[in-house]
Amino acid sequence: MAKTLVEPTSTSAEKLRTMLLDKRSAVQQQINELLAQHREHYSTTHNDSVLDLEDMSLRDSTAEQQLSLLESRNRTRMMLDTALRRLDDGEYGLCEDCGAEINPGRLKALPFAKRCLSCQHQAEVLEKIARQEDRSDM
Ligand SMILES: [Zn+2]
């Protein structure tokens, strides 16, 4: 009996794509809202000519929070894009480093995981070492 290979266009891949696209559009919406808030924030800051300093700094910290939120949402969007690309290439769910299948439970929790758990740990350790080396160079 011949083994049937899972085709990249199988139902589960389609489900995954829908799930990733859903997440992506949710993230995109958050980005749009944050951008709108940010624009609003700046237009009100510039229109009000009389603002006391306390008010100004409060507004600045809000703007900073918005920007860091925006940054993290943008990173998520990029990871989702990568996951979608990998899905198109039939590489989704395979570890980038060792090529092994990523645990389905891990993918469920982290739909854009690019590495299996052990490779991810390794990568994080290496990253940490690299950061420490950066510091010691300074
Ligand atoms: Zn791996």
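The values are calculated or read from the model by the stated rules, or taken from the named source; none is laboratory data. Just so it is clear, the structure is predicted and the values come from calculations on it, not from any experiment. Remember, those area values only see protein heavy atoms, side chains included, never the ligands or the DNA or RNA. Shrake-Rupley method; radii C 1.70, N 1.55, O 1.52, S 1.80 Å.
Summary of computed values
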{"quantity": "Sequence of 121, 38 when ordered by accessible area, the most exposed leading, probe 1.4 angstrom", "calculated": "121, 38"}
{"quantity": "Per residue accessible area of the range 11-137, 1.4 Å probe, in Å²", "calculated": "71 Å²"}
{"quantity": "Exposure of residue 118 as accessible area (Å², to 10), given a probe of 1.4 Å and all protein chains", "calculated": "80 Å²"}
{"quantity": "Heavy atoms of residue 88: accessible area, 1.4 Å probe, square angstrom to 10", "calculated": "100 Å²"}
{"quantity": "Segment residue 75-residue 103, extension gain: residue separation times 0.36 nm, minus the distance between their alpha carbons", "calculated": "7.8 nm"}
{"quantity": "Accessible surface, 1.4 Å probe, highest first, among residues 42, 92", "calculated": "42, 92"}
{"quantity": "Difference of contour (0.36 nm per residue) and Cα-Cα distance, residue 127 to residue 68", "calculated": "19.1 nm"}
{"quantity": "Amide proton proximity set for residue 94, modelled H, under 5 Å, gap of 5+", "calculated": "102"}
{"quantity": "Order of exposure, largest accessible area first, which applies to 72, 57 with probe 1.4 Å", "calculated": "57, 72"}
{"quantity": "Per-residue HN-Hα couplings for the range 103-114 [Karplus 6.51, -1.76, 1.60; θ = phi - 60°; Hz; x = Gly/Pro]", "calculated": "3, x, x, 5, 5, 5, 6, 10, x, 10, 5, 9"}
